[in-house]
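Participant: Sharing a structure, written as structure tokens. Questions coming.
The values are calculated or read from the model by the stated rules, or taken from the named source; none is laboratory data. Owing to the predicted nature of the structure, the values given are computational and were not obtained by experimental measurement. Glycine gets a Cβ as well: all are built from the backbone with ideal geometry, and neighbour counts include every protein chain shown. Just so you know, the surface numbers come from the protein's heavy atoms only, side chains and all, with ligands and any DNA or RNA stripped out. Shrake-Rupley method; radii C 1.70, N 1.55, O 1.52, S 1.80 Å.
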Amino acid sequence: MDFCLRCNSLSCRAPLKERAIVTTCSHIFCLQCADGLGLSRPIGSERRCPACETILNNPDDAVNTVLRPTEDYKTSVLSGLDPTTIMECAGRALTFWTYQTTQEVTFQEYLVKSLTDKYTNLNTQMDKVIHNANTELSAMQSRLSDMQAAKEQLRKKNHELVEMYREKCKKFSQITNLYNLVKSRAVRSQMRTAAATQVVNSLELPRHDPVALAASSFGVSAPPQTPSTYQQQAYPVDLEGVEQLHRHQRSGTGSSKGKHAADAIAMPPPSRPVAALRRGTAGSHVSLWSSLICHR
């Protein structure tokens, strides 16, 4: 690999190929940096080397040189000089080249050292980051395992709760059905009791009181019993509503026959529709009771 001179300005470090400004303090700069730093054209009373701050008073302390001279230039540049001057010029040129090479090697070593230190720091930081990442990853894996175990426990618990809920629903359904059955039985029992009570009340009315039986059938209360009522119903009657007289009342003298006839005319027996109404009402109650029992 061929060595290439570079501008000694640390902010530039551009490779030099065609022309450059060379100083007697063995530094070299590109034309742009030399113009900016005042080497090619002095800005004040004196010139200073930007690299080493050496004062350059003489005009030949900073000269513009050709880095790739032509063959004619090589022939004429040292022509006419004695060998001592030529060797001295060549020795100084070699010293300049050696200095530049040493500076470049020193700069590269410094650059390598800086890069090595940065690499070491970065490597240390990276190792620390990797260690922290591994630690965090291990913690997250442990946490993930715990969460998976908790998830499995929750899943089992959820399954148990679902089974318990289904069992409770099944029991609730059974209890509801049992309650409805018991309720229906209680309602049927109450209806039977009410119907039986109604039938018994209807059947247990006095047979000799057709008025009360008819009033009960139509939902009308019977008239109150008064002494006059008892006097009117002093004689028993049969199912046809005919009074049943005592045998002594049936037989009597001839004088009593007219009185008996008058009593028969004055107090006629109840008409047949009343007795028929009583029989029909009792029969309707018995039929209602029978239909309710059969339906339930």
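Participant: Roughly how many whole Å is it from the C-alpha centroid of region 112-180 to that of region 45-73?
Facilitator: Using only Cα atoms to place each centre, the spacing works out to 75 Å.
Participant: Any idea what diffusion coefficient region 36-94 gets from Stokes-Einstein, in µm²/s, Kirkwood Rh on alpha carbon pairs, 20 °C, 1.002 mPa s? Please report the intermediate quantities before stating the final value.
Facilitator: On the way: Rh = 13.9 Å.
Answer from the Stokes-Einstein relation: 155 µm²/s.
Participant: Moving on. Students sometimes get this wrong: rank Glu204, Glu46 by accessible area, probe 1.4 Å, all chains present, largest first.
Facilitator: Details: Glu204 135, Glu46 80 Å².
My answer, sorted largest first, is Glu204, Glu46.
Participant: Taking N as the number of residues in region 43-182, what is its alpha-carbon radius of gyration divided by 2.2 N^0.38 Å? Don't skip to the end; give the middle numbers.
Facilitator: Working: Rg = 44.7 Å, N = 140, 2.2 N^0.38 = 14.4 Å.
Here the Cα radius of gyration is 3.11 times the empirical estimate.
Participant: Can you give me the % of accessible surface on region 1-154 that is carbon or sulfur? Probe 1.4 Å, all protein chains present, nothing else counted. It would help to have the intermediate numbers written out before the result.
Facilitator: Values: 6710 of 11680 Å².
Accessible surface attributable to carbon and sulfur in region 1-154 totals 57 percent.
Participant: Ignoring ligands, DNA and RNA, what accessible area per residue does region 90-171 give at 1.4 Å, in Å²? Could you put the intermediate results ahead of the total?
Facilitator: Values: 7450 Å² over 82 residues.
It amounts to 91 Å² per residue over region 90-171.
Participant: Please compute one quarter of the surface area of the Cα convex hull for region 106-162 and express it in square nanometres.
Facilitator: Details: hull surface 17.1 nm².
Averaging across all directions leaves 4.3 nm² for the Cα convex hull.
Participant: Please list log₁₀ I(q)/I(0) at q = 0.16, 0.26 Å⁻¹ for region 6-73, using the Debye equation with identical point scatterers on the alpha-carbon positions.
Facilitator: -0.50, -1.18
Participant: Shifting gears a bit: With a sphere of radius 14 Å drawn around the Cβ of Tyr73, what net charge do the other residues whose Cβ falls strictly inside it have (Lys, Arg +1; Asp, Glu -1)? Walk me through the numbers on the way to the answer.
Facilitator: Values: positive: Arg19, Arg68, Lys74; negative: Glu18, Glu71, Asp72.
That sum, taken over residues with Cβ under 14 Å, equals 0.
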